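Structure first, then comments.
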Amino acid sequence: MVIVFAKAPVPGSVKTRLIPTLGANHAAMLHAALVERALLTAARSQADVLLACTPSVDEHFFIECGEDFDIDLTSQGEGDLGERMLRALNAALKSHSRAAIVGADCPAVTARHIDTALAALSTHDVSIIPAEDGGYVLIAARRIHAAMFAGIAWGTDTVMAQQRRALAAVGLSLHESAPLWDVDRPDDLAQLKALKPPLAYSWPD
């Protein structure tokens, strides 16, 4: 299973570091386009797809995504990112032998990346695609531990380093793929504009 983690595209609450460059409304529109791109990519993988929503599955955007991609929706629930990911992986692994979580911030992720990460779980407990900025864009697991996300300062450039230590501390083996770029800061927009195929988004003048 592959679980796409996404926030509702509410102006002023998503892609906040891009607002000075794009404006709140365009930043939200960009976020929506990235979520749709992530869902399209996930649908092209060999895994079942689930959309994990925050703050609510009742957001009109999420309902439309569920209908357009013919996928189920679930709530991410409360807590920090680690708590929400642990809960999502735990639920998915009750019905699937392997599960992956991918965010909407990395349009460079392809279906092959997802399938390769899940395949790596044949020999490892956890598989991760790091981000070039020090975080990661996908985490997959066949086995989890309650403390696998303990002590991680989410949103910092040391997330991947902290995640390695956390997994080692609880005895989970790790496979890492080559890092990919994601979209967080204005400097990332040049790569995004050059993306092939292009993102379904109308850039502001």
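The numbers here are math on the coordinates, done by the rules we state, and not lab data. Note that this is a predicted model, so its numbers are computed, not measured. Here Cβ is always computed from backbone atoms with ideal geometry, including for glycine, and neighbour counts include all displayed protein chains.
Here are the numbers for the structure shown:
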| read-out | value |
| --- | --- |
| Search result, residues across the stretch 151-179 that are among the hydrophobic types (A, V, I, L, M, F, W, C), loosely packed, with under 14 Cβ neighbours inside 10 Å and assigned to a loop (DSSP other than H, G, I, E, B) | A153, W154, A178 |
| Meets criteria (over 13 Å from L22 (Cβ atoms) and not hydroxyl-bearing (S, T, Y)) for W154 | yes |
| Qualifying positions in the stretch 113-150 - in a strand (DSSP E or B) and in contact with a Ser or Thr (Cβ under 9 Å, 6 or more places away or on another chain) | V126, S127, I128, I129, P130, L138, I139, A140, A141 |
| Cβ-Cβ under 7 Å pairs, at least 6 apart or on other chains, the stretch 32-53 side more than 16 Å from P107 (Cβ to Cβ) and touching a residue at least 12 places away in the same chain (Cβ under 8 Å), far side outside any strand (DSSP E or B) and among the acidic types (D, E) | Q46/D115; C53/E59 |
| Per-region count, the stretch 151-187, residues more than 17 Å from the chain's Cα centre (by Cα) and charged (D, E, K, R) | 3 |
| Search result, residues across the stretch 36-57 that are assigned to a strand (DSSP E or B) and in contact with an Asp or Glu (Cβ under 8 Å, 6 or more places away or on another chain) | L50, L51, C53 |
